[in-house]
Amino acid sequence: MSEKVSDSAQVTTKSSRLSAMIKKTAAGKVAPENTVLVWPNLVYLELICMMVAVSVILFLSLVAPAPLEELASADTTPNPTKAPWYFLGLQELLVYFDPWLAGMVLPTLMLVGLILIPYLDPNPRGKGYYTFSERKFSMLVFSFGLGLWYALIFVGVFFRGLDWSWYWPWDDWHVHQPAGAAKLIDLEIILQSSLGLSESPLITLGRYAVTTANLLTWVILGAFYGIGFTVPFLFFRDFYRKLGFVRYNLVMFFFISMMGVPMKIFVRLLADVKYVLVTPWFKI
Amino acid sequence: MLSLLQKIREAVNKTQVFKSIFRHGYPDTDGNRALVMFSNIILHLHPVRVRRGALKIKFTWCLGGLTFLFFILLAITGVILMFYYVPDTRRAYNDIRDLETVIYFGSLFRAVHRWSAHAMVFSVWMHMTRVFMTGSYKPPREFNWVVGVILLVTTLVLSWTGYLLPWDQLALWAVTVGSKMAEATPFIGAAGPFGPELGFGPENDMAFALLGGTIVGQSALLRFYVLHCLALPLITALFIAVHFWRIRKDGFSGPL
């Protein structure tokens with residue numbers, strides 16, 4: 001008998017908890033009239049979405065089956081050698097940067113930068129709705145990075161042919177483009193010859209012979225970051241104040257580094273500069 | 001006709017078998033619609049009620065759910081493909097040829113696997129873009145964005161490791177491009193800055209660890225196979241679980 005009583009008591013608490021759950025939402029504080037039951041409203045929506053997506057995948061699979069090329073062979077290198085499309089942005093960066101930068105350091109910076117976004121954006125507005133006017137800076141920076149990423153992929157997929165040369169859609173993709181890489185020159189050589197600087201090293205650190213021109217390239221790179229860090233600090237006090245010291249420095253480091261990528265690309269395309277900084281261990 | 005179907009359903013709902021599986025009636029009352037969320041392992045990812053705004057397709061574009069769907073499609077077709085594939089450089093290519101030419105629906109399963117993989121990479125990117133644009137990473141959801149970035153990485157590595165398995169020219173050389181980059185890792189790559197200075201050569205560097213050798217050969221194929229079919233799917237599933245759990249715990253950021 002007592003067992004039966006406790007059993008029914010349990011049922012009562014369970015059902016009252018349940019009826020509370022029916023009315024309550026995950027957010028907790030939302031009025032019940034602004035909410036709907038997940039079954040059938042959301043579950044059916046998900047079902048429809050799923051069926052449409054599966055149909056699209058099946059259709060694509062039937063009209064465009066997976067390709068299979070010749071058996072892998074270390075003896076024949078395809079030209080060009082292309083990575084899958086989602087990595088072509090990185091492969092395109094290889095034109096402008098050495099592999100340690102294009103393949104390792106830049107992707108690492110991208111991922112660390114992405115991870116840090118929520119911790120670097122102190123703006124409480126624009127949470128849970130689309131807005132540009134309430135968060136212009138973060139929107140512009142993110143869209144710029146995203147645009148750069150897609151632009152590089154687009155070039156890699158549609159404009160790179162034999163020898164990773166540039167091909168327009170109307171070019172003959174079976175004929176090699178005339179080689180243009182030979183005239184590329186390092187920034188320090190340009191500085192050395194145009195300013196008439198001495199070729200003899202100022203100091204020698206092991207393998208590293210530091211010439212005046214080489215020192216100057218360090219100064220230029222340092223100035224790129226230095227100016228980038230200082231200008232907003234001096235002239236956009238409000239921006240600095242909102243972020244605080246740690247966030248400001250992290251934001252500016254990632255922002256300036258990101259801007260450095262298209263800048264190096266332009267310097268390369270417009271002035272035929274191969275490296276802006278050369279050391280025996282790494283080149284940028 | 002409808003009433004007949006309804007009668008059949010009501011009769012089925014009363015059977016011991018139905019009750020043993022579902023523990024409650026068909027979800028056509030508010031009570032059962034709530035209970036179904038508690039008692040169904042897949043549906044219990046959902047809350048019982050959502051805000052009306054959460055149903056707006058123009059807010060989420062269903063992108064997170066689509067990514068999960070592609071992951072499930074990949075798991076299903078992947079298991080089927082594994083039945084026919086041996087990660088041996090002498091027969092891997094022929095196994096794929098068999099899938100394409102001999103095995104019933106082999107070509108279709110392979111094509112679905114490939115398209116789902118492309119679609120998953122794309123939908124992950126789109127989903128992250130949407131989450132950024134709606135500011136849904138803002139407190140208290142910062143950590144779930146971090147989990148999302150981890151899932152982005154596992155998705156890309158899964159795609160990349162799968163690229164090698166057909167063992168055709170496309171596979172070999174796409175992975176060779178990637179391993180050249182691993183060789184150039186700073187400090188731990190044979191061709192990277194300060195790598196040689198720290199004692200890393202082709203026989204012990206980052207690329208060697210990745211490929212299990214100095215070239216993309218049998219060890220690399222086995223490593224990529226194990227990573228692709230076992231290690232990475234498990235890691236991804238784990239982080240997906242955390243990702244979903246956190247959505248429930250942190251609440252949904254969408255409009256009313």
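Coordinate-derived values only; no laboratory data. Just so we're clear, the structure is a prediction, and the values are computed from it rather than from any experiment. Cβ atoms come from the backbone with ideal geometry, glycine included; neighbour counts cover every protein chain shown.
Placing a label point 7 Å from the Cα of residue A:51 along the Cα-to-Cβ line, the residues of region B:21-46 whose backbone N sits under 20 Å from it are B:27-28, B:43.
About its Cα centre, what dipole magnitude does region A:181-284 give when the only charges are +1 on Lys and Arg Cβ and -1 on Asp and Glu Cβ, stated in debye to the nearest 20?
400 debye
A simple spin-label model places the labels of residue B:72 and residue A:171 4.6 nm from each other, with each point 7 Å out along Cα-to-Cβ. Across chain B, the mean sequence separation of Cα contacts (distance under 8 Å, 6 or more residues apart), normalised by length, yields a relative contact order of 19 percent.
If you place +1 on the Cβ of every Lys and Arg, -1 on the Cβ of every Asp and Glu, and leave all else neutral, what size is the dipole of the protein assembly as shown about its Cα centre, to the nearest 20 Debye? Spell out each step's value before the answer.
Numbers: 46 positive and 33 negative charges, 619 e Å.
The dipole magnitude comes to about 2980 debye.
A dipole drawn for the protein assembly as shown from +1 and -1 charges on Cβ atoms has a positive end, and of A:206, A:273, B:53 the residue lying farthest that way is B:53. For the options B:28, B:205, B:168, a Gaussian network treatment of chain B with springs between C-alpha atoms closer than 10 Å singles out B:28 as fluctuating the most.
Cβ-Cβ distance of residue A:272 and residue B:58, R₀ of 35 Å, FRET efficiency by 1/(1 + (r/R0)^6): the value works out to about 0.15.
Across q = 0.19 Å⁻¹, region B:88-206 modelled as identical point scatterers on its alpha-carbon atoms has Debye log10 I(q)/I(0) values of -1.03, in the order of the q list. For peptide B:135-147, the mean count of partner chain Cβ atoms within 10 Å of a residue's Cβ comes to 5.
On full extension of the chain, what length is gained from residue A:69 through residue A:247, given 0.36 nm per residue of separation minus the C-alpha to C-alpha distance?
Working: separation 178, 0.36 × 178 = 64.08 nm, distance 4.93 nm.
Contour length minus the Cα-Cα distance gives 59.2 nm.
Sorting B:3, B:116, A:73, B:159 on the 10 Å Cβ count, fewest up front, what's the list? Working shown, then result.
On the way: B:3 7, B:116 26, A:73 12, B:159 21.
With the sparsest Cβ surroundings first, the list reads B:3, A:73, B:159, B:116.
Computed from Cα positions, the angle between helix A:38-63 and the longest principal axis of chain A comes to roughly 40 degrees.
When the convex hull of its Cα atoms is viewed from all sides, region B:1-49 shows a mean projected area of 3.8 nm².
So, with +1 on the Cβ of K and R and -1 on the Cβ of D and E, and no other charges, what is the size of the charge dipole of region A:153-238 about its Cα centre, to the nearest 20 debye? Walk me through the numbers before you get to the answer.
Values: 4 positive and 7 negative charges, 49 e Å.
So the dipole magnitude of region A:153-238 works out to roughly 240 debye.
Between A:230, A:35, A:217, the GNM of chain A built on Cα springs shorter than 10 angstrom shows A:35 fluctuating the most. Using r as the Cβ-Cβ distance of residue A:158 and residue A:239, and R0 as 35 Å, what FRET efficiency do you calculate, to the nearest 0.05? Efficiency for this residue pair is about 0.40.
With a Förster radius of 30 Å applied to the beta-carbon distance between residue A:125 and residue B:45, the computed FRET efficiency rounds to 0.50. Compared with the alpha-carbon gap, the fully stretched path from residue B:28 to residue B:187 is longer by 51.0 nm at 0.36 nm per residue.
Which value, to two decimals, describes the C-alpha radius of gyration of chain B once divided by 2.2 N^0.38 Å?
Working: Rg = 23.5 Å, N = 256, 2.2 N^0.38 = 18.1 Å.
Normalised by 2.2 N^0.38 Å, the Cα Rg of chain B equals 1.30.
Shielding value for B:164-173 is 6, the average number of Cβ atoms from other chains within 10 Å of each residue's Cβ.
For the residues A:173, A:281, what sequence is obtained by ranking on other C-beta atoms within 10 Å, fewest first? Provide the component values of the computation, followed by the final result.
On the way: A:173 13, A:281 16.
Fewest-to-most Cβ neighbours within 10 Å comes out as A:173, A:281.
Taking only alpha carbon atoms, the protein assembly as shown gives an Rg to Rh ratio of 1.04, where Rh is the Kirkwood radius.
Across peptide A:41-51, the average count of Cβ atoms from other chains found within 10 Å of a residue's Cβ is 5.
Across q = 0.27 Å⁻¹, region A:95-156 modelled as identical point scatterers on its alpha-carbon atoms has Debye log10 I(q)/I(0) values of -1.23, in the order of the q list.
Placing unit charges on the Cβ atoms of the charged side chains and taking the dipole of chain A about its Cα centre, the candidate lying farthest along the positive direction among A:106, A:193, A:119 is A:119.
Enclosing the Cα atoms of chain A in their convex hull gives a volume equal to 336 cubic angstrom per residue. Place a label point 7 angstrom from the Cα of residue B:197 along the Cα-to-Cβ direction, then list the residues of region A:203-222 whose backbone nitrogen is under 11 Å away. Label zone hits: A:205-208.
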